[in-house]
Amino acid sequence: QVLSLSPNTGPVQGNTSIVATGFSLASGSDYRCRFGGTDVGASYVTPTSVACVAPAVATVGDYDVQVSLNGQQFSAANEVASFGYLYSPVVAGLSPASGPSEGRTLVTLSGENLGNGSHYLCSFGSDALGNATFNVDTREILCSAPPLPAGAAAVRVALNAQQYTNVG
């Protein structure tokens, strides 16, 4: 039985690493995840979790994810979790474009396909991560800039804490 997926969203291009959590996931011999009708290999993590990589799909939407321990029998239709496939975000603007090196500047990202994410993160520079949230009312992502040395830093955003899109 699959109770949850983390993350539970990703781009239609696939390649999102997910962990499926549930019950009775130990003692398998051929672990598989099924996204809609597409099967992919999976690996055992703990007695209550397996890991797999979401395949590419043709259209956005929610796909049921089932798990198999033997490559043949999959979790029943009422024992699945849903994975939401999204279009990649397109960031058209960010404001403000600068802030103090101490961080804590709230940066607003606007554009298209920014909603429905599950684990929002912003990246400033090569390694600095900033917390991010999605504002449902304005349809914008709000990122808290971390402390950084003075100078320009590339900004990227992820809707699932994995696949980043460059800003600008």
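Side notes on the structure shown:
- Between the listed residues 83, 162, 25, the Cα displaced farthest toward the positive end of the dipole of region 25-168, a dipole computed from Cβ unit charges relative to the Cα centre, is found at 162.
- Using the Cβ of residue 111 as centre and a radius below 11 Å, the other residues enclosed give a net charge of -1, where K and R count +1 and D and E count -1.
- For region 130-147, 3J(HN,Hα) per residue [Karplus equation, 6.51 cos²θ - 1.76 cosθ + 1.60, θ = phi - 60°, Hz, x = Gly/Pro]: x, 4, 9, 9, 9, 8, 5, 5, 9, 6, 10, 9, 10, 10, 9, 5, x, x
- Percent of Cα pairs exceeding the 26 Å cut-off, where the set is the chain: 37
- Distance between region 109-168 and region 45-100 - C-alpha centres, whole angstrom: 19
- Relative to the current alpha-carbon distance between residue 78 and residue 116, full extension at 0.36 nm per residue lengthens the span by 11.4 nm.
Only the coordinates and a few stated rules stand behind these numbers; no lab work does. Keep in mind that what you see is a predicted model, and the values were worked out from it rather than measured. We place every Cβ from the backbone using ideal geometry, glycine too, and count neighbours over all the protein chains shown.
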